[in-house]
Amino acid sequence: MTAIDRFEAHHTAVATHDREIAIEDYVDRVGVSHDVARTVYQDCRIWARSLGTAGRAYWLRHGLKSYMPLKHFVLIEVLREFGEPTTA
């Protein structure tokens with residue numbers, strides 16, 4: 001295993017952990033089951049990936065973080081996947 005492999009493994013593990021924390025936060029805030037929260041997460045990913053660059057940039061400035069933190073988390077996650085600029 002190279003240093004690059006270890007870095008990638010660490011990066012993946014941190015992203016997975018952050019995702020699970022965001023989903024658990026949604027469970028706590030909304031009072032739904034973990035399965036429902038995972039479905040909402042998947043729906044948010046479909047939404048964010050379908051927007052296109054301009055749409056994602058618009059929603060990033062829209063203020064989702066304050067009233068839709070899971071959707072905001074997913075938006076940042078997708079922006080990073082596409083190498084688009086984020087404020088986070």
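Below, the figures for the structure above:
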read-out: Hits in the range 63-84 - residues which are at pLDDT 90 or above and farther than 14 Å from residue 45 by Cβ; value: 83, 84
read-out: Yes/no for residue 54 being among the hydrophobic types (A, V, I, L, M, F, W, C) and under 15 Å from the mean Cα position of the chain (by Cα); value: no
read-out: Residues within the range 29-63 that are outside any loop (DSSP other than H, G, I, E, B), farther than 20 Å from residue 15 by Cα and free of Cβ contacts under 8 Å to residues at least 40 places away in the same chain, tallied; value: 11
read-out: Residues of the range 1-24 that turn out to be surrounded by 11 or more Cβ atoms within 10 Å (Cβ to Cβ) and more than 26 Å from residue 39 (Cα to Cα), as a count; value: 1
read-out: Within the range 64-88, tally of residues that are open to solvent by less than 90 Å² (accessible area, probe 1.4 Å) and not in a helix (DSSP H, G or I); value: 5
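The values are calculated or read from the model by the stated rules, or taken from the named source; none is laboratory data. Given the structure is predicted, the values throughout are model-derived calculations rather than measurements. Because the Cβ atoms are built from the backbone with ideal geometry, glycine has one as well, and the counts that use them run over all protein chains shown. For the accessible areas, the whole protein counts, side chains as well, though only heavy atoms, and no ligand, DNA or RNA atoms are used. Shrake-Rupley method; radii C 1.70, N 1.55, O 1.52, S 1.80 Å.
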